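The values are calculated or read from the model by the stated rules, or taken from the named source; none is laboratory data. It should be emphasised that the depicted structure is a prediction, and the values quoted were computed from it without experimental measurement. Counting neighbours? That spans all protein chains shown, and the Cβs are built from the backbone with ideal geometry, glycine included. In case anyone asks, the SASA skips ligands and DNA or RNA and just uses the protein heavy atoms, side chains included. Shrake-Rupley method; radii C 1.70, N 1.55, O 1.52, S 1.80 Å.
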Amino acid sequence: MTTVDVSVLDGVGTSPRRPDGTLKVRGEFAFSSDLWHEDMLWGATLRSPYPHAEIRGIDLTAALALPGVYAILTYQDVPGAKRYGLEIADQPVLAMDEVRYQGEPVAIVAADHPETARRAAGHIAVDYLELPPVTDPEEGDLLRRVPVRTGDPHPTADVVVTGEYQVGMQDQAFLGPESGLAVPAEDGGVDLYVATQWLHVDRKQVAACLGLPEEKVRLSLAGVGGAFGAREDLSMQVHASLLALHTRKPVKMVYGREESFYGHVHRHPATLRYEHGATRDGDLVYVRARIVLDGGAYASSSTAVAANAATLGIGPYEVPNVDMVADVYYTNNPPCGAMRGFGAVQACFGYESQMDKLAAALGMSPVELRIRNALTTGSRMPTGQVVEGPAPVASLLARVRSRPAPPPSTPDLRELPGGVSNTTHGEGVVRGVGYAIGIKNVGFSEGFDDYSTARVRLELVGGEPAALVHTAAAEVGQGLVTVQAQIARTELGVERVTVATADTSVGSAGSSSASRQTYVTGGAVRAACQAVRATLLSRVAGATDVVGGKLVNAAGVVVADLAEAIGDEPVEETVEWRHRPTYPIDPKTGQGDAHVQYAFAAHRATVDVDVELGLVKVVEIATAQDVGKAVNPLAVVGQIHGGTAQGLGLALMEEIQIVDGVVRNPSFTDYLIPTILDMPPMSVDVLELADPHSPYGLRGVGEPPTISSTPAIVAAVRAATGKALARVPIRPEHITT
Amino acid sequence: MDFLRPSTWEEALAAKAAHPEAVPIAGGTDVMVELNFDRRRPPALLDLTRVAALTEWGGDGDLLRVGAGVPYRRIIEELGGRLPGLAMAARTVGSPQIRNRGTVGGNLGSASPAGDAHPPLLAAGAEIELASVRGVRRVPVDEFFTGPKRSVLAPDELIAAFWMRPARTGDQFAKIGTRNAMVIAVCSFALTLDRERRTVGTGIGSAAPTPVRAPAAEAFLAASLDWDSPGAVPPAVAAEFGRLVAAAAAPIDDVRGTAAYRRHALSVLARRTLTWAWEGSR
């Protein structure tokens, strides 16, 4: 009898080196902005300078006269659908009679040099009639209202606290600007190489706008320099394709940094009005909430963002009586859509601020109040959905509370608020500690057919078994390529695994968003590997399992090598894999099992605040998160660090400032994101409590860290300053006045 | 766009005289941003990086002459002991990469009200050496700035160097930003206390159309400090000094902060830097 080693090098639960890591560190990774083609043209976009205007005419004469210009296109040149959108096709490919936000594309140019293209765009004469912009969402048209109501509509409670909170417009601030290359094909179609989050949803929209069947629009994923939701909507995809088809030449488009701020959606600014009622003992009796989200000029994914805000809007707590309404409105502000946390971020700032306020009113510790009301397995959400599987809300809070407190800061300027800018040597510095916990749905909700497709091929290469994994899932920097290979190694017992470039020659993988890809595409890869195994087993009499690269029988005895079973006949299987179905919510009551999985993270933030100057140094962040199964532990911790940093940014600095519909800070000079001197050391406590329904028991990881870090930091700053701080990001003057 | 590459100072001056519209470029940390953001399309760039003389510094009696092309990193490493206030300001400029490239001469050339090097130059009473084929002149730094991004620099002139007295006593610099590194000043303040001469110098950044001094605050403090005393600065003196510094500013509301916050922060920085400089000068 042969013993079999079941552990596979670099399989599930290990942290193999990612293939793009060294290249990125060395600056050698090819991003979408590095694409190149012989004889290619460069595209440029003319954008509206006004948030709202009527277009009375467009004169291309002067622009067309520039040498080197090959084409200038307007909406009249769009052969197919004139509008596109993720959920509602309301966004013009190029503006028609009206522009509805500053930066809206009006015309596109192809030229033999990027400078010529930009210059030509500047020579296009657009006759605008400025119109008054709608910039207050509550004066805009309602896009979606999502009520969630349960229990007694007229509850009373011993202790009641109310609050109104505001969240500014955060940007995803990816470093790789929107870019791609469109190559006209001989069949009249187009091959598009682009950095995106979801190749197939891009293809569907691009094909419709080009008036082509989908099979004539072929997309391949180019190197993605970050996404965070900002690449869910189209940017330059249709534009480059139009120019390529029109000129019969490859066309490359790369947005500049400033243009990028106009080129993608942002996080919805929100106003959140809450009323929490509790017994004197601290049991939550009711929550009333009204959430107003500014959707901007076009729908994007606003309707789903509003549903998240509503269905997750009271947090991970048991509340018998809930009256929640989340509204999202159209305005003439920049369009808002997907960003890491997706509606749950805004709500969490509201409900966690309220929990602190309630704790103060009750004279309880903020952590005790939260633990007392924490959701657990079997709890009912306000939508009526029962929480299945582990829901360690109380335990996550207890874990971050029990971490040792960080030591007092030393006189090193880098440890003090203001850093080396030398604003304090300790004067005015007060320490504060704050806690928060958040809840996020994993995967697409409300009955969406959320699936992924994986094709796995097992063959002999040089006599050794090797697997090829092919999906259309977008690696956006999160490490999905590595994870897919790990799963194939574990399932097939082979070490040599290649992950093919994601493209549309295989079925849809769904979006790299909603913390879903390891779950759904991971699930699809596992299912495809299992199908490959089944085929292999059917080839060898008596074989019942593949273990450690060997086929074994029911007694565990090796009956064949993998190589023998494969022989000259490679095995290839393609599988479409779905998570459990979700269901729509009732439009009046919000009742329904809308979500497939909940994920939780808790944060404790320790801050030093210079209370005289309003400057903040986050000293330490402790976090605990249940990930079900850490498929790649190092990548999990990386996601938790990165997500926490993005939440820190929202708490303390990140905001697109808009005045009368006009963006005032479209640059990294004035849109500030945290640097390494802003990001503190973190203690990360990763729990692995298996979800019985998901592959390997895993739970989506990417978004929860972003959700609760913001309110935890704000709570810590409140503790240090005694200020109410009802708005994020906190600005120094909010502390000093 | 023409790219002029003189290799000597004489050639540079000749090139500037022949192409007064050429924009000088040293580290490129301001100029390249302007070009990349398409805010500026000069017909020519005048590259000064091959002019070795610009990267030298040396003494001349009581004064140091520092070439306009000395990068911030060298100011910190080589001149930190002699020009501590300027070195503190240099340490707040951008990132390590920017400090390797950026120069005080470039900062002066841009003449931004937010230039980090300007307040310590003002506080120290530095002089800026300007040169052209017509000759050389030295301009007191508080006469150098004429408006936002404007200076007395003539179209045919280049910034050769700045002259500054080494600090024998307390120099301080502090800058407010909304993050802890790599940030443009919301406002900044520099202070020089010279116990020997019993003089006070100040410089305010990002809180007026140009970097400015606070002359009333300087005069008040020079008259109010007990220069012979080893004791602490009386709180009332520090508070009044802070008030006068804030009053010297003419800030606006913008994306980086409000006018009211800038005034408030300047008063706090003035009080704090006074305490530190007084301690440091003992």
Going down the list A:24/A:550; A:440/A:588; A:440/A:629; A:204/A:252; A:24/A:629; A:204/A:629, which pairs span over 25 Å between their C-alpha atoms? A:24/A:550; A:24/A:629; A:204/A:629
Leaving out ligands, DNA and RNA but keeping every protein chain, what accessible area does residue A:403 have, in Å² rounded to the nearest 10, with a 1.4 Å probe? 100
Using a 1.4 angstrom probe on heavy atoms only, work out the carbon and sulfur share of the accessible area of segment B:2-164 in %. 51
More than 29 angstrom apart: percent of Cα pairs within segment B:2-164: 11
Spherically averaged projected area in nm², based on the convex hull that wraps the Cα atoms of segment B:170-280: 6.7
Residues of the protein assembly as shown: accessible area per residue at 1.4 Å, in Å²? 36
Normalised Cα Rg of segment A:444-596, dividing by 2.2 N^0.38 Å with N its residue count, works out at 1.19
Rounded to the nearest 10 Å², what accessible area does residue A:667 show when all protein chains are kept and the probe is 1.4 Å? 10
Roughly speaking, what is the stretch gain from residue B:10 to residue B:134, that is 0.36 nm per residue apart minus the C-alpha to C-alpha distance, in nm to one decimal? 43.5 nm
Tell me, which residues of segment A:403-426 get at least 20 Å² less accessible area when the other protein chains come in, versus the chain alone (1.4 Å probe)? A:418, A:420, A:421, A:422, A:423, A:425
Could you compute the FRET efficiency for residue A:77 and residue A:54, with r as their C-beta to C-beta distance and R0 at 22 Å, rounded to 0.05? 0.60
Chain-alone versus full-assembly comparison, segment B:152-180, residues with accessible loss of at least 50 Å² (1.4 Å probe): B:178, B:179, B:180
Efficiency by 1/(1 + (r/R0)^6): what FRET value for residue A:676 and residue A:634, r their Cβ-Cβ distance, R0 = 22 Å, to the nearest 0.05? 0.75
Using only protein heavy atoms and a 1.4 angstrom probe, determine the accessible area buried between A and B, summed over both sides, in Å² to the nearest 100. 3000
Between helix B:9-18 and chain B, what is the angle of the helix's C-alpha long axis to the longest principal axis, kept within 0 to 90° and rounded to the nearest 10? 70
Size of electric dipole in segment A:144-234: Cβ of Lys, Arg +1 and of Asp, Glu -1, about Cα centre, debye, nearest 20: 160
Whichever lysines have a C-alpha closer than 25 Å to that of residue B:175, once near sequence neighbours (fewer than 8 apart) are set aside: A:617, A:723, B:149
Equivalent ellipsoid semi-axes - Cα gyration tensor, chain A, angstrom: 39, 37, 24
Largest to smallest accessible area among B:149, A:82, A:249 [probe 1.4 Å]: B:149, A:82, A:249
In this structure, the FRET efficiency calculated for residue A:26 and residue A:572 from their beta-carbon separation, with R0 = 41 Å, to the nearest 0.05, is 0.70
Taking B:137, A:144 and ranking on accessible area (1.4 Å, protein atoms only), highest first, one gets B:137, A:144
Tell me which aspartates and glutamates have Cα within less than 18 Å of residue A:82's Cα, excluding those fewer than 8 residues away on the same chain? A:54, A:90, A:97, A:98, A:104, A:202, A:214, A:233
Within 10 Å of the Cβ of an average residue in A:114-120, the count of other chain Cβ atoms is 1
Quick check: residue separation of residue A:273 and residue A:152 times 0.36 nm, minus the Cα distance between them. What number comes out in nm? 41.6 nm
